[in-house]
Each structure stands twice: as structure tokens, then as C-alpha cells.
Amino acid sequence: VMSLEEVLYLLEGGDRETRRDRRDPRKYYISIFGKPAATGSWGWRFEGHHISLNYTFVDGKLASTTPEFFGANPGTINAGPGRQIRVLGPEEDLARSILTGCTPAQEKIAWRSKKAPDDLRGGGVAQPETTAPVGLPVSKMGAAQKKLMQTLLTEYLKNMPADVEKLRRAEINKAGIENIYFAWWGSQKRDERHYYRVQGPTFLVEYNNTQNSANHVHSIWRNLAGDFNIPVAEGK
């Protein structure tokens, strides 16, 4: 993700100084909130263009790892004859395979609209939307779709350190994978505008690829109990 800033520097117009000021893979920053200590609450954030990672600690223990945001522009780079580099590509392809594997009856439930929203529903909002899930529940999926869902979740989970991945997976399993819902908006085709949502009892994933002719991705993982270790009702 960070190295794509160099790609944008080369692709975008304008003089070199202006482009470098806007697009620089070194322009990522760490912010600390509160006083790091073994007692009390504090947090830190790693952030820059298309990355926002947030960690909150309470009495020396990791209490929250959300919101977690990754983006990619361009999402696909043609790197030579027959060679493409795709950032966040598996997250797109696996979700699309769940949709294209639907029966006609499943598709009516999972495919919410042929028009995709312009961006993430919860982008830039302090706390996640907590509306009821929509779409096709895992409990109504076939065996192949269930396997794809497991693989899709792993793609997101492995973006975190191993201990965070383990914790999130345990929460998902405890709440019941069968209670996860999958919903899609927009075109089923690659390189055309689309958006999807995966929502379980404990988490919400959104993935949007609508800008730059569907070559500009935004994705986010949120905790439905509340990001930053702040209960949703208090954070809104």
C-alpha cells in the first residue's frame, strides 16, 4: 500500500515538487494518544494515505485494534506482458466468487443492487453502523461458498499480528460463523464498480471499488461493540 504512493507520484500530472509533496511513501506517521503506561488508557495510530491502524490499551493490555483501514490506488498495476500486481485483489476475487456461486434464489438475497455506493458506508465515521445485517447468511450457503467465506475472512485476519488474528477468529467462532451475512452491490464483473459487506455479530467488513474505473479500493474492518474500546452508544 505504501509503495503505491511512488506509483501515483509517477502517474499523476503536475510539477515534481508538487507531486512529491502529495505522493511520498515516507509520509506515514505514528500518533500517540494519552500517556503510554501500565495503568490507565492510551492508544497509538499508524496512518497515512490508504492506511489507518489503531490500537488502544487499558491497564497494560491491548483492548482494541479497530478501526482498521486499507486502501489501494491503483488497485491493479500492469507490470509487463502477462503480469499484473494487485493490492487487495484476493479480498475482491474471493467475495466475487461467493456471489457468482449463488443459485438464482441465493442471488436474489445476496445481490442487493446493480448500483454500487460511491464509497464505504462508514468511512470517516467515529463508530460503525450497527444496523441489522442484510444479504445471504452463511447458514444458507453451499459448502463451496462456506469455504470461500472462511478464506475471505482469513485474508482480512492475516493483515493483523498473529495474536490479534487469533483473538478475532476466536470471537467470530464463538458468535457463530453461520450468523455472518454477505451482501453485494454493483457489477459482478472485474473492472466495474462494486461494493460488498460482510457482517457478523461482532464485526463489520466493507469493501468498495468504484473510483478510477474500479481501480481504487477502500476496505475497512470494524468492531460492532465499538471502535477504540469505546461502546458504540457512547461513541456516537
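Rule-based calculations on the coordinates, nothing more; no lab input. These numbers were taken from a predicted model, which means no experiment stands behind them. Neighbour counts are summed over all protein chains in view; Cβ atoms, including those assigned to glycine, are modelled from backbone coordinates with ideal geometry.
When each pair of different Cα atoms in the chain is counted once in the 1/r mean, what is the Kirkwood radius in angstroms, to one decimal?
Computed over the chain, the radius equals 19.0 Å.
In nm, what is the difference between 0.36 nm times the number of residues separating Glu178 and Glu129 and their Cα-Cα distance? Intermediate values should be presented prior to the final figure.
Working: separation 49, 0.36 × 49 = 17.64 nm, distance 2.08 nm.
Extending this stretch completely gives an extra 15.6 nm.
With label points built 7 Å along Cα→Cβ from the Cα atoms of Val58 and Glu6, find their separation and express it in nm.
Placing both labels 7 Å along Cα→Cβ, they lie 4.2 nm apart.
Regarding the stretch 2-94, what is the average projected area of its C-alpha convex hull, in nm²? Let's see the in-between values first.
Working: hull surface 33.3 nm².
Projected over every direction and averaged, the Cα hull of the stretch 2-94 covers 8.3 nm².
Provide the packing ranking of 213-220, 36-43, i.e. peptides ordered by the mean count of other C-beta atoms within 10 Å per residue, highest first.
Highest mean packing first, the order is 213-220, 36-43.
Mean shadow of the stretch 78-203, computed from the convex hull of its alpha carbons, in nm²?
9.2
Counting only helical runs of four or more DSSP H residues, what would the 222 nm mean residue ellipticity of the chain come to if each run contributes -39,500 (n - 2.57) and the total is spread over all its residues?
Mean residue ellipticity, 222 nm, calculated: -8500 deg cm²/dmol.
Out of the stretch 10-61, which GluC sites (Glu not before Pro) are coil in DSSP terms and have no more than 11 other C-beta atoms within 10 Å?
Sites meeting the loop and neighbour criteria: Glu12.
Using each residue's phi in the stretch 94-99, evaluate 6.51 cos²θ - 1.76 cosθ + 1.60 at θ = phi - 60° and report the 3J(HN,Hα) Karplus result to the nearest Hz, with x for Gly and Pro.
5, 5, 4, 5, 4, 5
Along the charge dipole of the chain, pointing to its positive end and built from +1/-1 on Cβ of Lys, Arg, Asp and Glu, which listed residue (Thr66, Pro231, Gly135) has its Cα farthest out?
Toward the positive end, the furthest listed residue is Gly135.
Please report Trp44, Trp184 as a ranked list, fewest other C-beta atoms within 10 angstrom at the top and most at the bottom.
Fewest-to-most ranking of Trp44, Trp184: Trp44, Trp184.
Want the number for Ser113 to Arg169: 0.36 nm per residue separation, take away the alpha-carbon distance, what's left? Could you put the intermediate results ahead of the total?
Numbers: separation 56, 0.36 × 56 = 20.16 nm, distance 2.98 nm.
Taking 0.36 nm per residue and subtracting the Cα distance, the gain is 17.2 nm.
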